[in-house]
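Read-outs: derived from the displayed coordinates by stated rules, not from any lab. Computed from a prediction, not measured in an experiment: that's the story for all the values here. Heads up, the Cβs are rebuilt from the backbone with ideal geometry, glycines too, and the neighbour counts pull from every protein chain shown.
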Amino acid sequence: MLTFAAPWWLAGLALLPVLRWLHRLGRHRRSLIVSHLPLWRGAENTLPAGPQRQPPDPAWRRRALVVVLFFVALAQPRMPASDHDLTIWIDDSLSMLTREAEGTRLDSALRAARASIEQRRFHDVQVRTLSHPWQTLGALDSDTANAIAAQARRNGMVNAPPRSLLLPDREHWLVTDGAHAGVLAWGERRPDRIITAGHVDRNVGVEMVSARRSLQAPDLVDVEVTMTNGGVAAEERALVIDAGGTEHRSAHRLEPGASMRVRAATPTDARVQVRISPADALPEDDSIELDLSPLRKRMIMVEPACPSALRMAIASHPALAIAAPGATAPDGEIDCGGDSRQVTGTTPVLRIRADRMTEFAQGVPEWNSAIPRARHITLESPLKTGSRLEVHEHDTVLMSVGGDAVAVRRTGSARLIETSLDFASGDSARNPATPLLANMLIEQLLGVDLIDRVIAIDRGELSARVVPMTPTNVGAREVPVQENRRFDEWIGFAVILGLVVLIRELIALVAQWRRLDEPRSVDAS
Amino acid sequence: MPAVTYRTRVVIALVLQSTAVLVLVVALAGGTWLDARVRPRVAVLVDRSSSMPGGETDAAAAKVLRDAERAGTVDVIEFAGNPRTAASDAIALDRDATNIEAAIDLALEHHAASRLAAIAVISDGFETAGHAERALQAAREAGLDVQWMTVPAAAPIARIASVLAPDRITIGRRVAIGVRSTGDHAHAMRVRLIARSTSGEEQQAAAELDREGRATLLLDARKAGAMVVDAMLEDVATGASLHRVRAAAVIDVVPAARMLYVQGGAGVLASSLRAGGWDLDAIMPARADAYADVLDTYDVLVLDDVAIADASPRFWRALVDAVQHHGTGLAVLGGERAFGRGGYRESELEAVLPVASEPAARVQPVDIVFAVDKSGSMGEGTGGVNRFQLAQRAVVDTARALGVQDSFGVVVFDVGSRVLMPLARAHERRDDVAREWPVTPAGGTRISPAIDDALREFARSANARRILVLVTDGFLDDAPIASLRRRLESENVETIAIAVGPDADMRSLRDLVGADGMLLHVKEAAELPVTMRAGVERRRARVERGVIAVEQRADLPFAPRRPDHWPAISAHAVTRAQPGASIAIETRAGDPVLAWQRSGQGRVIAVTSGIGPWTAAWLSMREWPQFAGGLAAWLARDSVSAHAVSLVETAEGMRIDADVAFAGRWQSSAHPVVSVRTPDAREHAPALRESAPGRFSAVMPDYGTGLYTVTFSTDAGSTRVIHVRSSTAEADSAGVSPSLQTWKGSGLIRDWQPGALAHARRHDGSNALDRTLVGLALVLSLAGILVERGAAPWAFLRNGVMRRLRKPR
């Protein structure tokens, strides 16, 4: 039924009688009926005499039509739309790439979605993925499908769409295999339709690979692999951890839903490739490659003048190594010259200042909040300092003892930390805090976590799960489609009609003007 | 004025109608004029957090609004810690925080409901909550242009640059907090600290800054728990607050270490510790059992010359548990009743000690004759077990501990005596002695025959050292005690007499053993096995005596790590180091004097010379006070934590990472549990996941600003970490956030460009026309009609009115 969004504009139609009245006055272009053509010359279009009412100029109908159409257009006529707007939410988690008899689940589900769309007429169709909900993809064609598949390879798990995008005046369809409950956690606004795909219910996948420096051997890395049976049957798999040509192979049996962790030690400088065999219906989660280079030892250039305690602390540090003299690009430099030469290069410099007699720094250490609490060092004997550090505007005091700064980060383009800690005193070599202090200073200098560094690729817990949703779970299909509140607007139609009539009026006016150009034209007014 | 001709009016009407046509064509072509429905819509996000300078922010907002309104319509969202729109302006803003993400999320909600052309943000870019980059990524995915009008955060004339405080302080101590400021130090400025304890108690301290902008303030650590310190910088002249940093420091105030000092010796260390201000509960060994249930509440236990027999097995089990599982520090000091002489060998206590009391027995083999009373009273007992049977068990246990070079025999006696087992090698007799003895307790008690038999057995003895172990519960009034003692002494027999029960003749037995012997008394016969074995062990244990020079082999684990000189000692129990123990001081012969190790979670130190009469010269050392205090402090320190717990603020919340390692390996099967006490005083247990070898991680959602106490526990114990989630960054921010540059570099935002909005057109999928253009066309068209109609209508109206006015009355 036709309705108006702004019906008060229809009040403008009250102008029509005025318009008609206007056209009863003034110049009249009504037709004159004469009996013989020669009589036409003598005939006069005169105003009515006395009480006789003159009929309106015939142009008034055209003009009235223009006014009516424009007022109707302004009232915004609209009709309830017969079609809907649709948003298709596509689950682009890894499990959607599971191979079924007719291709991947994603392909099957998108085919089913296309078929469903073709069965009905939609005004606007938006395609969105659960991993990037704010991005609208193009049409549901093969390019879009390929883009979604590429995205799915990187997504272990995805979540339900954000509530703000679940607009009530649109239909929302969910394309999923239902392997992960999280995609169905829509809250009150449940999907209007769920298009499911998948029958395969067996898969074992590599869920996570993580690595950190071994506690036993600083040149080794402990690699831990988490392997999960995401299917419904017990599975046997061989796990291969391949690092720098060294293979760690092990055989495992996993009960349904069970996870297991396998650990191996590998060299630090290798890339680790983890794979399980035999391959299954979801080969994408059967392997992971992890780059271990972030765990490499950082090369520190230590000046020959540096005290042996400091040199030993660096040499024995599991994540540091002393760079050979003349090394071109060390990660950091320790300057024990005690001078104040400018640091100009890009290499961060730790400067040990020792320009006066050693003295004890009395008091407990005080820490800048920039230094994590885990790095705070408990001192069992007093620290010795060999200098008094001045703190300039914008410098950052990293650590102080008894109010005196003992480690200061200097401002400037180059990274420079100065410390007054006296690593040359006899106690330093024996003080168990020395390696910890050296570690803290180098960590602050390089801006990296040296000891606790962990690298990992984590696809997410239960990312290997592929068991598709059972039909009993597809309750959302029973949810009726929300009432369609979309309207087709007819304002454009009214405006175009008005424009056509207005152009006709324009033509009539041009004709009138041309007639007035003729010598016999008479002005009736 | 000449009348306008009809022709002219037609021309004017033609122009007006042509214009109307043109306007309609423009409208249909998508042109816009004033219709808000079709103009580009811009969400303007205005940062109203406390770091933003009010005037500059208002000016920037006015400019952005002016530019945006010129191009389209505007949704204004104000935000700080929370966002609000014009429709929700009754909501108060949390100005002490900045959550840019929440504001952009709200704009995205607007965008989802009705499409936006752009988002304009007026902010310094500092955020204290949320994760703006995540929201900016979402905006980019949504195709939204995010433009940023940067307003630098207000920088006060001076601000607090750093607040340096210790992590931890013992209750009752004064804590010094260093404050540094930057900026204009020409004005006299004062720093005020407000410290709040977890119980809500507040204290303040204030001090003027020196010319370098530094001040050190003192606070009292009055109550245990976290002490959160706010710092404020004030102008001395006006009292105006220049800068405030909330939760600038958090200090863990820990209770003073509780120490239980079991004083069997001279108690020299106890006196020194008391003099040093340590609070300790000193008890006699006889009262030790009463403390068995509360040992784990102490931080330090000191056993000063205490024998195993001084306390019950329950006490020793509780002590080992407290050390290994509760991190209680243990110091064991030597003396006449400690180590070997205290019966430590193979005891539960020895399992946690860094030294073992074993080697002395191996040096000097011994012959032992056990003389056991089988009188009628020894047949008394309860539960089917009589004293004589317990005495047999005691002999069996003691014999089992003898070495291969040792020999023993058994004599039983009442009024007469019988050699039950002649003296023979211990390993040959062990099976025989364990069989049931063919003896029935009966008759009276006469000791002389038993000693006669024992001496006859010793006469066949091959070993130089001889020990008679006499067990009796009877009265020895007819015995020639003095004569017996002389005979024993002449045969070099050391006597250990064990009196059983309340009726034992203690006086006669004391006379019998003499000054060199050992008299033990067991009230309950059940204690007999332990007492006898410990007694023999103690008797056999070697104590080295003389002027014994000692030297330091390794640093002490506490200050003073290496005193200049260790004076000689006069005696020490002979022990050997346990595997894994560290020997700090030893004799020149290589015997441990001071050794330490970690046992489970606890630290244990053993001083085989004790601290007292045998080490009298140590008390005059310059480093003595430091040594005594350092030892106690080292033992009292936190349990040797097997975990390192760190807390990291992330977009998802506070991430808890705990590393667990035992025996030099990352551990996975340690049954980790984490509990978090949030600022609302509720306990939470976020799920832990092993994220790397030995690393367990959990994410704690945001429960607001305030104190979070994280306790991570495994089989190896617990580690507690306190953390304050605060708006420090808000108060600490000045200038422009460096994140803005990063976001610009990655294309997430760009500088405010109003010109770009002028070309923006709203794309909401509808074909909406600009209604104001349609209205304009209507007005033009109506004007054309009026003009074309000319003066006639006006003339008609005028004539009609005049006619009515002139009508005669």
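Below, the figures for the structure above:
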{"read-out": "Of every Cα-Cα pair in the protein assembly as shown, the percent that sits beyond 40 Å", "value": "69"}
{"read-out": "Cα gyration tensor, the range B:247-320 - rounded (a/c under 1.5), prolate or oblate", "value": "oblate"}
{"read-out": "Span from the the range A:248-279 Cα centroid across to the the range B:209-230 one, whole angstrom", "value": "52"}
{"read-out": "Residues A:Ser463, B:Ser691, B:Ser312, sorted so that the one with the fewest Cβ neighbours within 10 Å comes first", "value": "B:Ser312, B:Ser691, A:Ser463"}
{"read-out": "Shielding by partners, peptide B:105-118 (average Cβ within 10 angstrom, other chains)", "value": "2"}
{"read-out": "The range B:416-521: Rg to Rh, with Rh as the Kirkwood radius over Cα pairs", "value": "0.95"}
{"read-out": "Selection from B:Gly416, B:Pro701, B:Phe558, by position along the positive dipole direction of chain B (Cβ)", "value": "B:Pro701"}
{"read-out": "Three-way shape label, the range B:177-220, alpha-carbon gyration tensor, a/c 1.5", "value": "prolate"}
{"read-out": "Partner aspartates and glutamates for B:Lys523 [C-alpha distance under 12 Å; skip if fewer than 8 residues away on the same chain]", "value": "B:Asp473, B:Asp503"}
{"read-out": "12 Å beta-carbon shell around B:Met654, net charge (K/R +1, D/E -1)", "value": "-2"}
{"read-out": "Computed over the range B:53-165, the ratio Rg/Rh where both radii use C-alpha atoms and Rh is Kirkwood", "value": "1.00"}
{"read-out": "Chain B: DSSP helices with Cα axial extent of at least 24 Å and average Kyte-Doolittle hydropathy no lower than 1.6", "value": "B:6-28"}
{"read-out": "R0 of 45 Å, Cβ-Cβ distance B:Asp293-B:Ala459: FRET efficiency to nearest 0.05", "value": "0.30"}
{"read-out": "Net charge dipole size for the range B:322-459 [Lys, Arg +1 and Asp, Glu -1 on Cβ; Debye, nearest 20]", "value": "40"}
{"read-out": "10 Å Cβ neighbours from other chains, averaged over peptide A:396-403", "value": "4"}
{"read-out": "Average other protein chain Cβ within 10 Å of Cβ, residues B:22-30", "value": "2"}
{"read-out": "Sorted by Cβ density within 10 Å, fewest first, the residues A:Lys297, A:Lys384", "value": "A:Lys297, A:Lys384"}
{"read-out": "Most positive-pole-ward Cα, B:Thr742, A:Ser277, A:Trp367, against dipole of the protein assembly as shown from beta carbon charges", "value": "B:Thr742"}
{"read-out": "Protection proxy ranking, peptides A:445-457, A:67-79, average beta carbon neighbours within 10 Å, highest first", "value": "A:67-79, A:445-457"}
